[in-house]
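Some notes on the structure that comes next.
The values are calculated or read from the model by the stated rules, or taken from the named source; none is laboratory data. Bear in mind the structure is a predicted one, so any value in this text is a computation, not a measurement. Cβ placement follows ideal geometry from the backbone for every residue including glycine, while neighbour counts extend to all protein chains displayed. Accessible surface areas use protein heavy atoms only, side chains included; no ligands, DNA or RNA. Shrake-Rupley method; radii C 1.70, N 1.55, O 1.52, S 1.80 Å.
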Amino acid sequence: RQVGNREKEMIIELLQLADFFVNGTLRALVLFFLAHTAFFATARFYAEKYKPWTSELRCDVSIIMPTWNEEPENLKKAIGCALSSKAKEVIVAYSLSDRKALEAVESFKDRIVHLRFDERVPKKRAVYEAVKLCKSEIIVIQDSDTFFRKEDLEEILKPFADPKVGGVVACNVIVNNK
């Protein structure tokens, strides 16, 4: 049987389509699928091994709170939340040119450690200088528009019972979302 021109064209198109999938898009899709599967299999493996910490860790904690141009009500509330936790010390870093911070920290006089700067400094430097003042084994860095509940600090400390843990990140409620 002889093959007609129309059939030849169809065979050529099918071969071109097969070549396209095998050498082009299909290869990329297969690689993506394999990477995707490997990622989720690894995540699932480690998620199944995870055991939440239930034992409490008793140690001293310092809370560092750098602030700049925060609304006094928010800053007062954040400092109040930090003080209500069982932290050994609360260090508030602020600039003397920040009138809002000066107004807010005034009411906490001797209850917090004041880290004052003559000029506005970047957050990184404020935290760096505050860390030098810390007297505790564990340091929590809290933004001035973030509020902890009383029990949050205890939950943050639990993973540190494992000597392999070097840091913990918490889920915070942030009020100032500018």
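One equal scatterer on each Cα of the chain, no solvent, Debye formula: the resulting log10 I(q)/I(0) at q = 0.10, 0.11, 0.15, 0.17 Å⁻¹ is -0.56, -0.62, -0.90, -1.04. For TRP53, the amide hydrogen comes within under 5 Å of no other amide hydrogen, counting only partners 5 or more places away or on other chains and with H modelled in the peptide plane. Annotation: for a label point projected 7 angstrom from Cα along Cα→Cβ of LYS88, residues of the range 113-137 with backbone N closer than 15 Å are 113, 131-137. Each of the peptides 31-43, 94-106, 67-79, 119-131 was scored by the mean count of other Cβ atoms within 10 Å over its residues; in descending order, highest first, they stand as 67-79, 94-106, 119-131, 31-43. The length gained by stretching the chain between PHE33 and LYS8 to full extension, at 0.36 nm per residue less their Cα-Cα distance, is 5.6 nm. Across the range 66-80, rounded Karplus estimates of 3J(HN,Hα) from the backbone phi angles (6.51 cos²θ - 1.76 cosθ + 1.60, θ = phi - 60°) give x, 9, 8, 6, 8, 4, x, 5, 5, 5, 4, 5, 5, 5, x Hz, Gly and Pro being marked x. The modelled label-to-label distance for the pair ASP60/LYS164, using points 7 Å beyond Cα in the direction of Cβ, is 3.0 nm.
Bridges between two residues of the chain, per DSSP, are antiparallel at a rate of about 10%. With helices as the sole contributors, the chain gives -13500 deg cm²/dmol at 222 nm; each DSSP H run of n ≥ 4 counts as -39500 (n - 2.57), and the sum is divided by every residue. Dipole of the range 52-96 computed with +1 at Lys/Arg Cβ and -1 at Asp/Glu Cβ about the Cα centre; of LEU75, TYR94, CYS59, farthest Cα towards the positive end is CYS59. Computed on the chain, with alpha-carbon pairs under 8 angstrom and 6+ residues apart, the relative contact order is 26 percent.
When the C-alpha to C-alpha distance is required to be over 26 Å, the pairs from LYS100/LYS158; LYS77/LYS123; LYS135/LYS158; LYS76/LYS135; LYS135/LYS164; LYS77/LYS124 that qualify are LYS100/LYS158.
Using the 1.4 Å probe convention, the accessible area of the chain works out to 72 Å² per residue with neighbouring protein chains retained. Annotation: extensible slack from ARG120 through ILE141 equals 5.7 nm (criterion: 0.36 nm per residue apart, minus Cα-Cα distance). Shown in residue order for the range 154-170 are the 3J(HN,Hα) couplings computed by the Karplus curve 6.51 cos²θ - 1.76 cosθ + 1.60 at θ = phi - 60°: 4, 5, 5, 6, 3, x, 5, 5, 7, x, 7, 7, x, x, 9, 10, 10 Hz (x for Gly and Pro).
Charges were assigned to the Cβ only: +1 to each Lys and Arg, -1 to each Asp and Glu. The resulting dipole of the chain about its Cα centre is roughly 260 debye. For the range 1-154, the carbon plus sulfur part of the accessible surface works out to 58%, probe radius 1.4 Å.
Gain on full extension, evaluated as 0.36 nm per residue between PHE45 and LYS132 minus their Cα-Cα distance, stands at 27.4 nm. Annotation for ARG149 and ASP19: the two label points, set 7 Å from Cα along the Cα-Cβ direction, are 6.4 nm apart.
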